[in-house]
Every structure is written in C-alpha cells, then in structure tokens.
Amino acid sequence: QNLIWRLLHNELGAMSPKVVVLHIGTNNLHFGFDGQGIFNAQCALLNFVRHLLPLSPVVALGILPRGAARTGERMYETEINHTNTRLRLFAQDKPWLYFVDCGHVFLVDGRIKKPSMPDFIPPSAQGCKPLFDCLLQVMKPLGVI
C-alpha cells in the first residue's frame, strides 16, 4: 500500500531511469494475503509503473524465500512459488518486463543459508552480493550496467 501511495502522489517526479527493479510482495505474505492476491497487486503495480515510466524497462524480482525466525524452516513456500510462477508467465509477452527469480542463491538443500539471511527474511550484506550477481543476468543484456 505504501508503494501505491507513493506512485499515486508522484514521488517519481520527472525521473527517467535506465531500468526499474521492483521487489514487492513478501510483506503481504506476513499479513495473510494469498499468492493470487499478491500476484494481482504485483501486476497492477507493474502496469502502473510502465504507465508512469514508458521508456524504462522493468525487472520484476521474484519473492525471495522466507523462514521462521527460530528454525529457519521455509514459510509461505506454496504462496511464493505460486506468485513467482504467475509473474514469470505474466512477463513473457511483455517486451518491457523481465522476470528474475533469485531465490535459489539463498538456499542450500532447500533451506535458507543463515549467513545470507540471518533472520530468514531480508538478505544480509553478505547475501546482497549473490542477489546482485543474479540480477546482473537480466541487467547486462539490457545494457543498463
């Protein structure tokens, strides 16, 4: 909701970025939204960003894995997979939209790597490097890096 408010209130101003990277949806899981609801909101936001910035390619970053604070057991896996699969399909026929799922860089044997995500939600400084490397797979061909 915060992102929607910012976009509606012209916080982008007269920007003309080389690329827009959106990583949205993980907080909605915690508040009880299902994968379909998150996907619908992502699509609306992606289309609105395209409307506001028609010359900028958009990279949609899939929702990263999440874990329980004490055990690291993966949470919301079904919803994350559902949302990421739908988002990948949504991007396929849009030449301005690129989907990348970097969740695998945070997993070992299906479990979240603690050094990369010590509290099992956002990446640590150590986790940002593999995330950036994953994003480069999409950014370099776009000529923005």
Residues (touching a residue at least 60 places away in the same chain (Cβ under 8 Å) and over 15 Å from the mean Cα position of the chain (by Cα)) located in the stretch 9-56: 18
The one condition in (1) closer than 22 Å to residue 127 by Cβ; (2) open to solvent by less than 30 Å² (accessible area, probe 1.4 Å); (3) among the β-branched types (Val, Ile, Thr) that residue 24 fails to fulfil: (2)
Scope the stretch 95-109; condition assigned to a loop (DSSP other than H, G, I, E, B) and either in contact with a strand residue (DSSP E or B) (Cβ under 7 Å, 6 or more places away or on another chain) or open to solvent by less than 40 Å² (accessible area, probe 1.4 Å) (or both); matching residues: 96, 102
Candidates 66, 50 - the one that is in contact with a Leu (Cβ under 8 Å, 6 or more places away or on another chain) and surrounded by fewer than 18 Cβ atoms within 10 Å (Cβ to Cβ): 50
Qualifying residue in the stretch 111-121 (condition: under 15 Å from the mean Cα position of the chain (by Cα) and not aromatic (Phe, Trp, Tyr)): yes
Within the stretch 1-42, tally of residues that are within 20 Å of residue 57 (Cβ to Cβ), of a type in the set (A, V, I, L, M) and part of a helix (DSSP H, G or I): 2
Test result for residue 84, closer than 17 Å to residue 120 by Cα, crowded, with 16+ Cβ neighbours inside 10 Å and free of Cβ contacts under 8 Å to residues at least 40 places away in the same chain: no
Count - residues of the stretch 122-142 that are over 16 Å from the mean Cα position of the chain (by Cα) and touching a residue at least 12 places away in the same chain (Cβ under 8 Å): 1
Set 85, 78, 71: member being at pLDDT 95 or above and out of contact with any helix residue (DSSP H, G or I) (no Cβ under 6 Å at 6 or more places or on another chain): 85
Conditions (1) modelled with pLDDT under 95; (2) within 17 Å of residue 61 (Cα to Cα): number failed by residue 91: (1)
Top-ranked residue of the stretch 119-142 - restricted to ones that are open to solvent by 60 Å² or more (accessible area, probe 1.4 Å) and part of a loop (DSSP other than H, G, I, E, B), ranked as nearest to residue 20 (Cα to Cα): 122
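The values are calculated or read from the model by the stated rules, or taken from the named source; none is laboratory data. Just so you know, these numbers come straight off a predicted model, no measurement behind them. Cβ: placed from backbone, ideal geometry, glycine included. Neighbour counts: every protein chain shown. Calculation scope for accessible area: heavy atoms of the full protein, side chains included, ligands and nucleic acids excluded. Shrake-Rupley method; radii C 1.70, N 1.55, O 1.52, S 1.80 Å.
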